[in-house]
Amino acid sequence: MSLRIEYTSAPLGHKIHGVDLANLSDAEFKAIEDAWNTYGVVVVTGQTLTPEQQLAFSRRFGGLEKFVIDAYNLPGNPEIFVVSNIIENGKPIGMADAGRMWHSDMCFMPEPSRGAFLYALEVPMQNGEPLGDTLFASTAAAYDGLPDSVKARITGLRAVNSFSARSAAAAAQAEADPGNIDSATLAHLKAQRDKAKVEVPDVDHPLVRTHPITGRKSLYASELITSEVVGMPLEEGRALLKSLIDHIIQPQYVYRHRWKLGDLVMWDNCSSMHQAIGDYQLPLRRHMHRTTIRGTRPV
Ligand code: SIN
């Protein structure tokens with residue numbers, strides 16, 4: 001096995017070289033699975049994957065989820081969600097902004113996604129440097145780094161995760177600055193706000209969750225989506241959530257991924273959160289394929 005792990009200086013984001021995900025031995029698969037569970041985010045470099053090959057690799061980790069907005073799912077392979085700023089025939093081929101604030105995917109659902117694998121087909125480049133980096137923070141390392149007094153304070157607390165509050169904020173922001181966004185995206189945000197209000201009830205999850213495989217504890221709160229702490233006065237809860245998120249995104253817990261073609265970044269929503277940087281625009285093109293692994297109720 002020629003698999004080699006190159007460690008970053010962060011607790012997550014380590015690079016796995018020397019494998020072909022379309023042609024893995026059982027030992028290589030096990031090494032990748034163990035690294036993903038242990039570190040929360042790993043980057044498998046140098047891949048050339050068809051949608052079918054990405055799907056086959058992803059399915060080895062569990063059932064896959066289809067993204068709720070069908071317009072951005074790959075025709076013919078709807079379990080691939082397209083993340084892209086490319087417009088074809090006047091229509092976006094994918095979602096340009098799949099997460100510009102810190103979040104853990106689908107935390108507003110009773111059973112949020114376990115993780116996601118994002119594969120780079122086109123990376124925006126300027127003066128030889130990639131744009132559109134993705135930041136990842138280890139919520140597990142951040143939990144470990146809390147003072148014992150804070151750990152004691154948050155043990156057993158639950159927090160509300162509200163997609164409808166998030167959708168309303170996103171639509172309001174887009175409406176306030178419509179010059180910054182295409183009309184299809186603005187219409188989509190408004191429709192999402194109205195639908196979310198009716199169809200996506202708020203859900204509460206533990207503020208400290210336990211990883212379903214490793215048993216490691218991590219903080220579980222997303223910027224904008226985690227809206228309040230159950231049983232705590234609103235402002236006190238919001239201040240606590242802000243202080244926890246500020247703690248998680250300190251440099252010692254964060255890895256910044258600078259994309260290269262053929263990278264497949266695997267993130268685990270149980271022990272990390274992420275944020276995409278929107279510092280590029282057409283004609284600089286970004287095109288990625290994402291598969292999403294189904295998760296379980298956080299405990
Ligand atoms: C995502 O949050 O699913 C996408 C992240 C990215 O576009 O880098």
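Taking each residue as 0.36 nm, the span from Arg297 to Ile87 lengthens on full extension beyond its C-alpha to C-alpha distance by 71.9 nm. Only DSSP H runs of four or more residues enter the estimate; each adds -39500 (n - 2.57), and after division by the residues of the chain the mean residue ellipticity at 222 nm equals -8500 deg cm²/dmol.
Bridging of Lys66 to lysines at a Cα separation below 22 Å is possible for Lys91, Lys190, Lys195, Lys197, once same-chain residues fewer than 8 apart are set aside. Taking a ≥ b ≥ c as the square roots of the Cα gyration tensor eigenvalues, region 31-135 comes out rounded, since a/c falls below 1.5.
Eigen-decomposition of the gyration tensor built on the alpha-carbon atoms of region 235-299 gives equivalent ellipsoid semi-axes of 28, 18, 12 angstrom, largest listed first.
Tell me, what is the percent relative contact order of the chain, built from C-alpha pairs under 8 Å that lie six or more residues apart?
That works out to 35 percent.
Can you work out the FRET efficiency for the pair Glu199 and Asp70, with r the C-beta to C-beta distance and R0 = 22 Å, to the nearest 0.05? According to the calculation, E is roughly 0.90.
Among Val43, Val200, Val123, a tally of other beta-carbon atoms within 10 Å of each Cβ gives an order, fewest to most, of Val200, Val123, Val43.
The HN-Hα couplings worked out from phi for region 288-299 by the Karplus form 6.51 cos²θ - 1.76 cosθ + 1.60 (θ = phi - 60°) are 9, 10, 10, 10, 10, 8, 5, x, 10, 5, x, 10 Hz, whole numbers, x standing for Gly and Pro. Were the residues from Thr214 through Asp97 laid out at 0.36 nm apart, the gain over their Cα-Cα distance would be 39.0 nm. Once the chain from Asp144 to Ile277 is taken as fully extended at 0.36 nm per residue, the excess over their C-alpha distance is 45.2 nm. Computed from backbone phi, the HN-Hα couplings of region 256-263 come to 9, 8, 9, 6, 10, 3, x, 6 Hz, rounded to whole numbers (Karplus: 6.51 cos²θ - 1.76 cosθ + 1.60, θ = phi - 60°; Gly and Pro given as x). Taking a straight line from the alpha carbon of Lys217, these lysines sit under 23 Å away, with near neighbours fewer than eight places off in the same chain left out: Lys30, Lys151, Lys242.
Shape index of the chain: Rg/Rh, with Rg the Cα radius of gyration and Rh the Kirkwood radius from the inverse mean 1/r over Cα pairs, equals 0.95.
No value in this document is a laboratory result; all are computed from the given coordinates. The structure displayed is predicted, hence computed values, not measured ones. Methodologically, a virtual Cβ is constructed for each residue, glycine included, from the backbone with ideal geometry; neighbour enumeration extends over all protein chains shown.
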